[in-house]
Structures are given as structure tokens and as C-alpha cells.
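The values are calculated or read from the model by the stated rules, or taken from the named source; none is laboratory data. Since this is a predicted model, take the numbers as computed values, not measurements. For neighbour counting, all protein chains shown are included, and Cβ atoms are generated from backbone atoms with ideal geometry for every residue, glycine included. Ligands, DNA and RNA are stripped out before the accessible areas are found, and what is left, the full protein with its side chains, is counted by its heavy atoms. Shrake-Rupley method; radii C 1.70, N 1.55, O 1.52, S 1.80 Å.
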Amino acid sequence: MRKKIISLCVLWLAFSGMHLKADDVTFKASVSPEVVVMGEQFRLSYTVSAEGTEFRAPDLSEFQVLIGPSTSTSISTEVRQGKSTTVYALTFTYILMPKQEGTFNLAPATIKIKNANYQSNALTIKVLPPDKSGNAAAQGSGTNPSASGITGEELFVRMNISNRNVYEQEGFLVSFKLYSLYDVGLGSVKFPEFEGFLVQDIELQPQWTAENYNGRNYHTAVLKQAVLYPQRSGKITIESGKYEAIVRVRTQKQVRSIFDDFFDTYQDVKKELISPPATIDVKPLPSGKPASFSGAVGNYTMKTAINSNNVKTNEAVTITVTISGNGNIKLVKNPEVVFPNDFDIYDPKVDSKIKTTTAGSSGTKTIEYMAIPRYAGDFEIPAIRFSYFDTKTGTYKSLDSEPFKLHVEKGEGGEGATGPVVSNFSNQESLKLLGEDIRYIKVAKPHFVSNREIFFGSFGYIALYLIITIIFILFFIVYRSKVKENANIALVRTKKANKTAVRRLKKGEKLLKENKKEEFYDEVLRAVWGYLSDKLSIPQANLTKDNVEAELAKYGVDESLSGEFMEILNACEFARYAPSQAPDAMDHLFKQTVNAIGKMENTIKK
């Protein structure tokens, strides 16, 4: 009788303190353990935070129900910031045993609470086969080995590779997984250097799980995952990694006493593990590359937009190109946008939102191209083309936008404004030539000339006309030369190559001082590619390492200087995604780039 009264009081307190809302009810399913071995039991529980009826479990026909469902309730009081809250929990528990191996998905359970139906979360249960050795350690009992009894079959690291036969620049997943029959920790870890690949690490939180491998059930944990992009064709070897494992083992004693059974002694044993090397067969990209192909490999889409089709002179025109997809998107070069010759062109602004998962790198890269028209008229910006290599079909594909029609009207400071305007391509500023309209009063003693002296027809008169004529001819020649040079945009870019590179390197030097590694290498890479593009009069979209070396050779650049530029490009591309770099690597690369550009200026002079 006393127990019944206590139970009724507890239930009354629970229901009196509960004011249920839909958002207040939680219905959660859990399983322990999530990975079981054939012949082992496991617990399946459903817990709801309110009194309910008509509980319905999912189909459990794949398992043998040993016990259940058994119900239990718990009531507790939590006090937070002076307020007490009653927490009620109703739990339905099953004790199950698997009938067969495999992975099983359990649908959500349902329950009715105050005329409303609620669903729990779904579950996944993995059933492993029995360990072939029958070792207790393999079953996770935690039995400790002797100090000298740890074999390579009981503790090792595997390097798992998703694809060993890929194209150049095609990403693939590499994982390093630790397998152990015992409780183990890790000391120092040295992963391979991944020479010949660009590396995109995947963020993960290592956690232990069970896995059956070669008939044995191991405790496993993923140590590292990364997506690798091969930078050259041929066979590339991923070298071995070294890992220091620490296993706690029982100390063996020659003389034992009765107390040894109660007070065992242990020691930590270090064991070096080595992951075997692996070779990747990298196929070269096939021939027939489109002119607009700049190394993009994967699967992409492109969208383009212009801020306005009607502007005034000296107003900015912005074209936005958005490239989305999966592949080596972080290395994708900007598509070429060809503006009319009378437009002042600025460096594009790039915004990347890229995420790397086990499926590869995916996201979007948005490029904004800005130019300023200086003259009125109707212009057409040609269609933008972006080409990539599709690894699924093994073919090149091209994406094209529509051409942009642009109407430019006269505006303030542009064509037709008061006074002549001189356009300067290098700094995009308009300068007005202002006449001098102030004359100072002369206060010196006047000099009078006799009107009897006739200047017309004199030697001074003829000499003055000759001087004026010579000055006019020289001015005309210089003017025509400047007009011709300004019409040749490639020549202008070549002459301004050094100044443009210096301006970009100053920004890189600032990033170096701020220790912004990725931004620094991106800026130096853009500076070098931009300098080579301007110096060799080749659009960046058409630049490759191969044709750069060939063009430099045409200009008489020796192989050592050409190789120095290739070394800088490779260092930038590798360093941006390398797992670690020496502290002085950035400073050394910056000095090397400045020196290389200086040598190039002395070699190629236009």
C-alpha cells in the first residue's frame, strides 16, 4: 500500500509540473553498441519526455528479441538560475541479438501524446561476423598483450586510396586508418609528403569504431583524409608514413605473489607503424584541348551577368562570372573577358566559397571584371567561354555566355566634356589640360626698339620659322608614335609589365608581414602569371608552363632563369595547399620572385 501511495504522489508531481507544448516533447532512439558482432547482444532504447500511448516500434524481424519492450520511467528536478524544472522520461527498452551479418536501417518508432503523433529518429546498426581467431582481444574485451607480443596483424595503419587510375588534375580520396585489437594511443605522426600532388585536407574528428578486416574485428579510427590532385602525368608514388603507437601492456614478473592478482603492473610500449607506399597511374589529358581550356578538370556550370547595358562615360561596367561545380575548382583560372580597346581595365576581383569533403572539392568561384568606358558609343563585349575536362565522359566541354551589348552615353569628365581629356591606361585617371590665363605685370625698365628695324624677311625671321617647323615635325612624329603605341595594347602591357608586377608584389609583401599564408601565395602566383602574360603578350587563359618555357626561349632567356620562374610557380601552387611550410619559406620565395623579375627585365627589353 505504501509503495502505491508513493507512486501516485510521484506521478502527480510529474504531471502537475509539466505543461507540454509540441516543441517541448523529445522522442529519441538510441542503440548500444552501434556496431555488434554476431552472437552478441545489444540494447535498443526509445525515450520520450512525456507520457504517451500507442507506442509502435519499427520492424525488428531481422533480430531476435530476447527482452522487451520493457518500460521504465524517471523523474528528476533541475534547478537553473533559481527556477526548478521537472524532467520526465519514459523509456522503452529491447535486448536484441542479430540473426545475420550486414548493415540494417531501423525506421523511426511512433507514439501518441495528447492526440498528437510523434516520431523518433531512425537508426543504423552494423553487424560484423565473428572474429576468425576467437581472440578475446579481437572481441574488444581489452585483454593486454605482452611487451613483445604485438604483431603486424594486431596493430597497423592502412592507406586507403579511392582511385589509383586517374587523369592529371583529377582529384581522388586518400585515407589513413589505424587498425588495432587493443586499446592504443598515438605519439608522433608523420604522414607522407604527397610530392607531385596538390593537397586539400578534410576536417575530421577521429573516433573509434569497429570494422571487420580480413576476418578479424578491429577497433579502427581514421587519422587523416585528404583529396589529392596530381600535377603531372605518369606513375607517381605516395611514400610511406610513420606513426608511433603507444600500447599499455601488463608487465610479466618472474616471481608472483598472492597480491599480484589484485595489483597488476603495466607499462606503455611504443611501437612504430609504417603505412606501405602506393603508386598512382596518372593519365595525361587527351589532345584536342580548346583554346579556352586553362586546366579545369571536373564537372562545372557557368553563369554570367552585367550590371547594366546602358552607362555613361567614366562609369564602371561590371561583368560577373560565377563558376560552380566539383573538381579542382580552387585552381581554376579566370575566363578571359575581352573589353573594347577604349575601356580602362582593372584587375578582376575573385570570391571563392569552396568546401572539401570525401566526395572532393566543390563550391563556387565568383569573378568580377570591372572596366570604365572613356568614349560614348555602342560596343559589344564578346561571349565568354569557359572550357573544362569532364572526367566522367573523358571529353572536353565548353560553356559559353551570350555577348553583351553596351550603350555608352556622354557623361561628366568623358568624351565631350569641357577641355581635352588625356586617358592614361596605367592608372585609369583622366587629366584635364588647363590653360594659363594669368599674366604678371612687368616692373623692369622697358626696352624700346626702333621702328626703323625691319624684322620681316630678316635672318632672325627665317630662323624662327625654321625652328617652329622643325619643332612641329618632331612633335608630329612623336605624337604619331605615341598614338601607334597606345593602339597596340600588347606593347603597352609589355612596357608596363614590371610596374604592374611591382604593384602586386607590394601587396604580397604586406600579406607576408601579416603572415597570411594562403593569401600571400595566391598574390605572388597572380603577380608572376600576370607579369609573364604582359611580358610575353599572351592572355593568361592561354598560358601554361610548357608554352611559357617555349616563349622565353624565343626571347633568348637562358634555361636557368626560365627554370627559376617554373620553380616559383610550382612552389606557389604546392605551398598554398601543403600541410606545413618552414617559417622562412615565404620570405625566401618573395626575395626569389623579386630577383627573377629583375633578371628578366634585363634580359627582355622592348
Expected sort for 266-275, 290-299 on mean C-beta neighbours within 10 Å, highest first, is 290-299, 266-275
Once Lys and Arg are counted +1 and Asp and Glu -1 for all other residues with Cβ under 12 Å from that of Thr53, the total becomes +1
Largest-first ranking of Trp529, Trp208 by accessible area, probe 1.4 Å, whole protein assembly kept, is Trp208, Trp529
Taking the highest mean first, how do the peptides 114-122, 310-318, 519-527 order by number of other beta carbon atoms within 10 angstrom per residue? 519-527, 310-318, 114-122
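Once fully extended, how much extra length lies between Thr279 and Gln205, figured as 0.36 nm per residue of separation less the alpha-carbon to alpha-carbon distance?
Values: separation 74, 0.36 × 74 = 26.64 nm, distance 2.76 nm.
Result: 23.9 nm gained on full extension.
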Might you tell me the accessible area per residue for region 529-575, computed with a 1.4 Å probe and given in Å²? 41
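Once you've got the Cα coordinates, tell me which of Lys303/Lys333; Lys242/Lys283; Lys190/Lys271; Lys516/Lys591; Lys333/Lys353; Lys289/Lys333 are over 19 Å apart.
Values: Lys303/Lys333 15 Å; Lys242/Lys283 29 Å; Lys190/Lys271 14 Å; Lys516/Lys591 17 Å; Lys333/Lys353 15 Å; Lys289/Lys333 15 Å.
Beyond 19 Å between Cα atoms: Lys242/Lys283.
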Heavy-atom accessible area with a 1.4 angstrom probe orders Asp342, Asp378, Asp131, most exposed first, as Asp378, Asp342, Asp131
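For region 342-412, which GluC sites (Glu not before Pro) are both in a DSSP coil and crowded by at most 14 other Cβ atoms within 10 Å? Write down the numbers at each step before the final one.
Working: sites: Glu368, Glu380, Glu409, Glu412; in loops: Glu412.
Sparse-neighbourhood loop GluC sites (Glu not before Pro): Glu412.
Order of 396-405, 463-472, 170-179 by packing, highest average Cβ count within 10 Å first?
Numbers: 396-405: 14.7, 463-472: 10.2, 170-179: 20.8.
Packing order, densest peptide first, comes out as 170-179, 396-405, 463-472.
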If I take R0 = 60 Å and measure r between the Cβ atoms of Asn310 and Asn163 in this structure, what FRET efficiency does the formula 1/(1 + (r/R0)^6) give, to the nearest 0.05? 0.75
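Using 0.36 nm per residue, how much length does the chain from Lys507 to Phe475 gain when fully extended, once their Cα-Cα distance is taken away? Intermediate values should be presented prior to the final figure.
Numbers: separation 32, 0.36 × 32 = 11.52 nm, distance 3.87 nm.
Result: 7.7 nm gained on full extension.
Just flag the GluC sites (Glu not before Pro) in region 192-246 sitting in loop per DSSP whose Cβ has no more than 16 other Cβ atoms within 10 Å.
Details: sites: Glu193, Glu195, Glu203, Glu211, Glu239, Glu244; in loops: Glu193, Glu195, Glu203, Glu239.
Taking region 192-246 and a limit of 16 other Cβ atoms within 10 Å, the loop GluC sites (Glu not before Pro) found are Glu193, Glu195, Glu203, Glu239.
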Mind checking which aspartates and glutamates have their Cα closer than 14 Å to the Cα of Lys349? Skip sequence neighbours fewer than 8 apart in that chain. Glu336, Glu368, Glu519, Asp522, Glu523
How large is the accessible surface per residue of region 152-216, computed with a 1.4 Å probe and reported in Å² as a whole number? 50
